[in-house]
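Peer 1: This is the structure I want to talk about, given as structure tokens.
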Amino acid sequence: MKPFLLRLPLIAVLALTAACSPKFDWREIRSDNAAYIIAMPAKPAVFTRPIDLNGIATAMTMTATEVDGITFAIGSAELPEATQAQTSLVAMKTAMVNNIRGTVRHEKTATMPQSQNAGTGMLAYTEILASGAADAATNGQPRVLFARFFAKDRHVYQLVVTGREDAVQRDAVDTYFSSFRFN
């Protein structure tokens, strides 16, 4: 009985932590239309729709899921020419920030491996943190948006985590972003 009593505070802390955080059921998702793999926290839905990226008409495929009001999504589109990538990335970033009626609080540029093979080089990406207006989807609470934008050859990508600012946990964002890789 004594070992159980010694573990009781630990059990209580774990129960409280589990009650306060979303239930993530991470699973690896492989894209059918672009060469990537990513971990999603629940079974995603996939849909494709036409978009305009600063005058470039294309179709974007979104793979997205929602857990406890937090949306995790990855969008990919193929452009007619690789030279259109940077202009398209700026348009994607602007559209995402406008979608939440937000402002960018932080922006940085970093790199990631182009593939899992050693010696293939690095790929630059832009990462933002934006604050958005409160809306019905966030129950009147301010919205936060974490996003990464990058291009490889003729494909452009956006990784997005968004939800109520007080609900989005940075460790879930880091897990999601760091799970992305090209296959």
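Peer 1: Using a 1.4 Å probe on the protein heavy atoms only, what accessible surface does Ile37 show? Give it in Å² to the nearest 10.
Peer 2: 10
Peer 1: Could you state the orientation-averaged shadow area of the convex hull built on the Cα atoms of segment 16-170, in nm² to one decimal?
Peer 2: The directionally averaged projection comes out at 10.0 nm².
Peer 1: Computed FRET efficiency, Cβ-Cβ of Val104 and Asp68, R0 25 Å: what is it to the nearest 0.05?
Peer 2: 0.50
Peer 1: Which of the aspartates and glutamates could be linked to Lys43 by a straight reach, that is with a Cα gap under 20 Å, when you skip same-chain ones fewer than 8 residues away?
Peer 2: Partners within reach: Asp25, Glu28, Asp32, Glu66, Asp68, Asp171, Asp174.
Peer 1: From Cα pairs below 8 angstrom and at least 6 apart in sequence, can you work out the relative contact order of segment 48-168, rounded to a whole percent?
Peer 2: This gives 27 percent for segment 48-168.
Peer 1: Let me ask something else. Put a dot 7 Å past each Cα toward the Cβ at Arg154 and Asp171; how far apart are the dots in nm?
Peer 2: With each label placed 7 Å out from Cα toward Cβ, I get 4.3 nm.
Peer 1: Ignoring ligands and nucleic acids, what accessible area does Ser131 show with a 1.4 Å probe (Å², nearest 10)?
Peer 2: Answer for Ser131: close to 30 Å² accessible.
Peer 1: Scan around His155 for amide H atoms under 5 Å from its own, H built in the peptide plane at 1.01 Å from N, and keep only partners 5 or more places away or cross-chain.
Peer 2: Residues meeting the criterion, in which the H sits 1.01 Å from N, are Leu79.
Peer 1: Heavy atoms only, probe 1.4 Å: what % of the accessible area of segment 52-98 goes to carbon and sulfur, would you let me know?
Peer 2: After summing per-atom areas, the C and S share lands at 50 percent.
The values are calculated or read from the model by the stated rules, or taken from the named source; none is laboratory data. Only a predicted model underlies this, so the values are computations on that prediction, with no experimental measurement involved. Cβ atoms come from the backbone with ideal geometry, glycine included; neighbour counts cover every protein chain shown. Heads up: the accessible areas ignore ligands, DNA and RNA and are worked out on the full protein's heavy atoms, side chains in. Shrake-Rupley method; radii C 1.70, N 1.55, O 1.52, S 1.80 Å.
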